[in-house]
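Comments concern the structure below.
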Amino acid sequence: MLATLISVWLLHVAALLGLGANALLVAQLAASDRARSALLAALGIAVGAALWALCAVLAINAVFEAFPWLRRGLQIAGGLYLLYVASRLWRSNPKGLDESSQSVPSLAAFRLGLLTNVTNPQSALFFSSVFAASFPLVPSLALQVSTVVLVTVNAIFWYSFLAYIFSRQHLRSAYSRRRRAVNRFAAVALGALGVRVLAASLQEARR
C-alpha cells in the first residue's frame, strides 16, 4: 500500500508542476492582489481533484469507454469554459484598481477553481491512467480512500503555495506594471488549451 501511495504521490506532484489552467488561474488571481480569492480558487481546484480521483477509484473511465459521447461532451464543455475564462481575461481592465474593487465573491472564486478543474478532460485522463498503472488488480478500501485524501492534500498544498508566492508584494508590483501583458498572456495560454481540447474532441468525433 505504501509503495502505491508513493507512486501516486510522485506522479501527481510531477503533474502539478506543469503550467496548466489551474496554476494560471491561481497565479493570476494572486498576482492581481486577490490573495483570498486565489486561496478559495485553490480550494475549489482541490475539490475538483478529489472528485476526479474518486471517479478514477470508481473506474469511471470504464463508463467513458462504454459511452464515449459523455467524455466528448465533457471535453467540449471544458474547452468552451476555458475559452470563456480566456475572453474574460483578455477584456479585463488593465488600469490599476484597489483591492476592494478587485475582490471576487467567495463562492464565485471557489466555483471558478472547481469548474476550471472539473471541466478539464486532461484531469480525467491523468487520474484514470495513473490509478490504472499504480493500483493492484483489487485495491483495498483503505488504499482507495488514502489515495483520494493524498491527491486532495497535494492539490490544496500546491495551489495554496502558488497563491502565497504570487501574492508577494514584489510580484504584485511587477504584475501591476504589466497587467495588460500578463492578463493577455494568460488569456492566450488558456485559449490555446481550450482550442486544443475542442480540436481533440472534433477529431474523436470524426473517427
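The values are calculated or read from the model by the stated rules, or taken from the named source; none is laboratory data. Small disclaimer: the values here were computed from a predicted structure and weren't measured. Cβ coordinates were reconstructed from backbone atoms using ideal geometry, including for glycine residues, and neighbour counts include every protein chain displayed. Surface areas here come from the heavy atoms of the whole protein model, side chains and all, with no ligands, DNA or RNA. Shrake-Rupley method; radii C 1.70, N 1.55, O 1.52, S 1.80 Å.
Between Ile165 and Val188, residue separation times 0.36 nm minus the direct Cα-Cα distance comes to 6.0 nm. The accessible-area ordering, largest first, of the residues Trp158, Trp90, Trp52, Trp69 stands as Trp69, Trp90, Trp158, Trp52, per a 1.4 angstrom probe.
Taking a quarter of the surface of the Cα convex hull of region 1-49 gives a mean projected area of 3.8 nm². How many angstrom lie between the C-alpha centres of region 1-59 and region 150-174? Taking the Cα centre of each part, region 1-59 and region 150-174 sit 11 Å apart. Each Lys or Arg adds one and each Asp or Glu subtracts one; over the other residues with Cβ under 13 Å from the Cβ of Ala86, this totals +4.
When the residues Tyr159, Tyr84 are ordered by accessible surface, computed with a 1.4 Å probe over the protein chains alone, the sequence from largest down reads Tyr84, Tyr159. With an a/c value of 1.5 or above and a/b larger than b/c for the gyration tensor axes a ≥ b ≥ c computed over the alpha-carbon atoms, region 123-169 is described as prolate. Taking 7 Å steps out from each Cα toward its Cβ at Trp9 and Leu150 produces label points 0.7 nm apart.
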